[in-house]
Amino acid sequence: MKQKYFPIIFALAGGIALFSSCSEDFLEADLKGTDLESAFYKNETQARQGLVAIYDVVGWQGNGYVTREGMANAASDDQRAGGGGPSDINDLQVVTKWTLTPEIGPHNELWRKGYAGIFRANKLLEKLTEVPMSEVNKARFAAEAKFLRGYFYFDLLRMFKNIPLVTKPLTTSEMRDVPQADPASVWKQIEDDIKAALAEPNLPDRISSTDDKGRVTKGTAHAMLGKVYLYQKKWQEAAAEFALVNGTTPGQPNPTYGYQLLPNFADLFKSKPEFKYNSESVFEIGYSSQSNGGWGCVSCTEGNVLNILVGPRGYNPKPGAPDYVSGWSFLVFTKDFYDFIHFDPRFKYTVADVDSLERNGFATYEKGHDNTGFFLEKFAGRQSNRPGTGTMELNFPQNKYDIRLADTYLMEAEALVMAGQSGAVGSRAYALLNAVRARVGLGPIVATIDNIFDERRLEFAGEGIRFFDLIRTGRAAAALGGRGFDPNRHYVFPIPFHELQSTKMEQNKEWGGNK
């Protein structure tokens, strides 16, 4: 008997249970088993839980340990999948080797993530108008839901190109008849959603309450809109949005939104509460060690699974060695990247050189798949940071940045130079680039496109940014050709196979389809 597939994008429309949140403060709410349908959205508390449910998807971690950052790191030229063997977390292995197919690869989970977030945003926006609650909060909730819907569509569009555009909950009769939209119309919807959020007076410029940490602000929305423009090569529009985030004088505080580069690069990747949601954070994914997450539902945990994924396997330190938790040895850095960053001041905060520790007698470790001995220091779990509750591997509290100020500095510099402005001494692009460099003690250089991209590679290594930079700039073929990257196919992901069954969707032409 032929198996019947019910595509994820449409299956979500039939009702979905909310996961518990994967973030702290505002984003911590007990939502397990809460139904989104008829018995819900009856008061402000329930509307708030519905909003938390949308935010929850931003930090989505699938049961197969697939995250956007993990995928992007494994797919980049700076890292490889690693792990315990050539099939360990196969979704990461196939993207490192560029042997993914419509059936197999991380794109299946990332498609599911995107449309889960969109469904939840559409549901809240539909229900919110009739919820008896504060009109101020209602307007703010709607603005946040629209921003987040645009955010999820942005990720889907840059990965898949040809996607369905759904802006309301679907009825059963509509489910299988939704076609893919022209990419231009999806870009417009993303812009419209973010602009609508920006136009809402009740969306704050900055977060004033500790209970609201992690929520979208006008600064977040300007940064995201700038990123949307950048991907479309709307250079002047992108630069204008980023300038609002970055402030008048690069390196100095932005008085409107409160953003400022942290003085110490290393502090960006510390897990203690005082380092979270700091002045450099524009949009942050929060995690907690208090969720008691366990193996029965990896995706339900509020801890950051990246911390255990990237730690050195079988790590056995001697006194005085770094206190890394013995991890699973995924997402190892390549020797080429090691050589690229080795003499940069950010090296020791980016690369855990466990190979050197072993050679010098400070530790031993098990050589995993693709081993180089160079691990991701930024996210390596520490004994000093071990959670006290739940399964240790699943409950690390380190947050991740979706957007941070150094990123908006360098994206504005890129947009200015691409728009034809000078990057020489005295230019704004020059000031932006060199504010990032000065933070780590490096001297000034001219803001050429190559210098800006080299700085991005050094600054954001292991944060899931490099791969998307290669794709959006057309540099992926040169950087990844040695791994099997095919420029006629791999600049877009395939539409997941199960999404094409009994629907009007078609496969991307790069993958043998007609879209």
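Derivation of every value follows stated rules applied to the coordinates shown; laboratory data play no part. Owing to the predicted nature of the structure, the values given are computational and were not obtained by experimental measurement. For neighbour counting, all protein chains shown are included, and Cβ atoms are generated from backbone atoms with ideal geometry for every residue, glycine included.
Karplus couplings for the stretch 389-406 from phi (6.51 cos²θ - 1.76 cosθ + 1.60, θ = phi - 60°), rounded to Hz, Gly and Pro as x?
10, x, 6, 3, 4, 10, 10, 6, x, 6, 6, 10, 8, 7, 9, 10, 4, 4
Mean projection of the alpha-carbon convex hull of the chain over all orientations, in nm²? All intermediate terms of the calculation are to be shown ahead of the outcome.
Values: hull surface 94.4 nm².
Projected area, direction-averaged: 23.6 nm².
Using a cut-off of 17 Å between alpha-carbon atoms, which aspartates and glutamates can reach LYS234, once sequence neighbours fewer than 8 places away in the same chain are excluded?
The reachable aspartates and glutamates, counting only those whose Cα sits under 17 Å from LYS234, are GLU191, ASP192, GLU412, GLU414, ASP469.
Could you give me the ³J(HN,Hα) list for the stretch 162-170, computed from phi with Karplus coefficients 6.51, -1.76, 1.60 and θ = phi - 60°, whole Hz, x at Gly and Pro?
Calculated HN-Hα couplings, in order: 10, 9, x, 10, 10, 10, 8, x, 8 Hz.
Regarding the stretch 295-401, what's the average projected area of the Cα-atom convex hull, expressed in nm²? Show your work: numbers first, answer last.
Numbers: hull surface 30.0 nm².
Average projection, Cα convex hull of the stretch 295-401: 7.5 nm².
Starting from 0 in steps of 5 Å, tell me what percent of the Cα-Cα pairs of the stretch 234-325 lands in each bin.
2, 10, 14, 14, 16, 13, 11, 9, 7, 3, 1
Size of the stretch 56-211 along its principal axes in angstrom, Cα-based, largest extent first?
55, 43, 27
Can you compute the equivalent ellipsoid semi-axes for the stretch 128-183, i.e. the square root of 5 times each eigenvalue of the Cα gyration tensor, sorted largest first and rounded to whole Å?
27, 17, 6
Convert 4 °C to kelvin, take the viscosity as 1.567 mPa s, use the Kirkwood radius over C-alpha pairs of the stretch 30-129 as Rh, and evaluate the Stokes-Einstein diffusion coefficient in µm²/s, rounded to a whole number.
85
Over all directions, the average projected area of the alpha-carbon convex hull for the stretch 355-405 comes to how many nm²?
Seen from a random direction, the Cα hull of the stretch 355-405 projects 5.8 nm² on average.
Given a cut-off of 29 Å, name the pairs among LYS335/LYS400; LYS233/LYS276; LYS218/LYS515 whose C-alpha atoms lie farther apart than that in the structure shown.
Pairs exceeding 29 Å: LYS233/LYS276; LYS218/LYS515.
Distance between the C-alpha centers of the stretch 171-239 and the stretch 66-124? Whole Å please.
23
Could you tell me which trypsin sites (Lys or Arg not before Pro) in the stretch 289-397 are loop residues by DSSP with no more than 16 other beta carbons within 10 angstrom of their beta carbon?
Working: sites: ARG313, LYS335, ARG346, LYS348, ARG359, LYS367, LYS378, ARG382; in loops: ARG313, ARG346, LYS367.
Taking the stretch 289-397 and a limit of 16 other Cβ atoms within 10 Å, the loop trypsin sites (Lys or Arg not before Pro) found are LYS367.
Mean separation of Cα pairs under 8 Å and 6+ residues apart, divided by the residue count of the chain: what relative contact order is that in percent? Before the final figure, lay out the partial values.
Numbers: 1000 pairs, mean separation 100.6, N = 515.
Value for the chain: 20 percent.
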